[in-house]
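Structure in structure tokens, see below.
Every number in this text was worked out from the coordinates using simple rules, so none of it is lab data. Fair warning: this is a prediction, and the values are worked out from it, not measured in the lab. Note: ideal-geometry Cβ built from the backbone for every residue, glycine included; neighbour counts use all protein chains shown.
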Amino acid sequence: MSAQRRIVLIAVVGALVISSSAPLVVLSGVAPATSALFRCAYAVPPILLLAWFERRRLGPLPAKIRYFSWAAGFIFALDLLFWHHAIEFVGGGLATVLGNLQVFLVAFAAWAIFRERPSTRLMLATPIVFGGVVLISGLFDAAAYGANPMLGAVFGMATSVAYAAYLLLMKAGGRHAMLPLAHVTVVATLTVAALSPLFGGADLTPSWPAHGWLLLLALGPQVLGWALITWALPRQPAALTALLLLIQPMTTVALSALLLGERPSTLQLAGCAVIVLGVLYGSRGRSPAPADETSEPALSR
């Protein structure tokens, strides 16, 4: 197997692993704040170990990157709290699709902050994609799936805003990957614990099998999935990165239907397709990064 194919395989495996995040949150059966807290807390030890190995190889983090990582950890905690509530209101599959709008938000934020003009493709896709959000929200659909699809769409949008801010903060990560993630994970754990009363409260003693699902959520998507993707992203073409944006939400929708019995309405599925294809179309308009450039590390859903 060639080196490039090996990188592609690793990236795809990573995307498939993180696709299980939302179903695992639902299977745990705990409150949104509880699942957000334990997926971070259980991920801290293995990520600290990986960060220790990276520090020995690359040296310590510069102070500036450390401060950005702390801010990113706070934002990431909000991202998880918003997203886990979106799962509660509109289901794991649709919530994951809604959480992938950060591609557009990051691009327009970079335009405002860094004067990096978005591609024509992305600007054309933007109104279409947000039309997909309206379809998922059930605004015109009496058969919409979810306990409260409108509120789920609101929390899904809030997730994307928080995740976009997170990615912008993590842009300064440089050649390090696991060290910033370690700082992010520790700060996110403390922040979720502090903010949980505002989001319904976290149960600090969930019973089994909830603990087992939360442990799998932390060690699988949170650690393994994103360790693979963080390693692979700087080593692959930008077009392939865009394809990975398609793999994760569509796989999550399929897993949620298969394992959880989620049945979105026809209009919601249409909105899902509009968003995923719009993200794929818009993201392919960006220029590929140089081969030696380190991409932004991310703790994704």
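Which one of I7, L98, T266 has its Cα pushed farthest toward the positive end of the charge dipole of the stretch 3-283, where Lys and Arg give +1 and Asp and Glu give -1 at the Cβ?
In the stretch 3-283, that residue is I7.
Sticking with this one: With a Cα-only, solvent-free Debye model of the stretch 88-195, what are the log10 I(q)/I(0) values at q = 0.11, 0.18 Å⁻¹?
Taken in order of the listed q values, log10 I(q)/I(0) reads -0.46, -1.00.
In which sequence would D79, D141 go, from the one with the fewest C-beta neighbours within 10 Å to the one with the most? Working shown, then result.
Values: D79 27, D141 19.
Least to most surrounded, the residues fall as D141, D79.
How compact is the stretch 90-137 by the rule of thumb for globular proteins, expressed as Cα Rg over 2.2 N^0.38 Å? All intermediate terms of the calculation are to be shown ahead of the outcome.
Details: Rg = 12.2 Å, N = 48, 2.2 N^0.38 = 9.6 Å.
Compactness ratio reported: 1.28.
For the stretch 3-283, what's the relative contact order in percent, using C-alpha pairs closer than 8 Å and at least 6 residues apart?
That works out to 43 percent.
Let me ask something additional. I need the Kirkwood Rh of the chain: take the reciprocal of the average 1/r across all distinct C-alpha pairs and report it in angstrom.
That comes to 19.2 Å for the chain.
Fewest first, what order do L190, L269 take by the number of other Cβ atoms within 10 Å?
With the fewest neighbours first, L190, L269 line up as L190, L269.
Quick check on the stretch 34-151: what are the equivalent-ellipsoid semi-axes from the Cα gyration tensor, as sqrt(5λ), descending, whole Å?
Values: eigenvalues 217, 108, 21 Å².
Sorted largest first and rounded, they come to 33, 23, 10 Å.
What is the fewest-to-most order of S196, S207 by other Cβ atoms lying within 10 Å of their Cβ?
Listing S196, S207 from fewest to most nearby Cβ atoms yields S207, S196.
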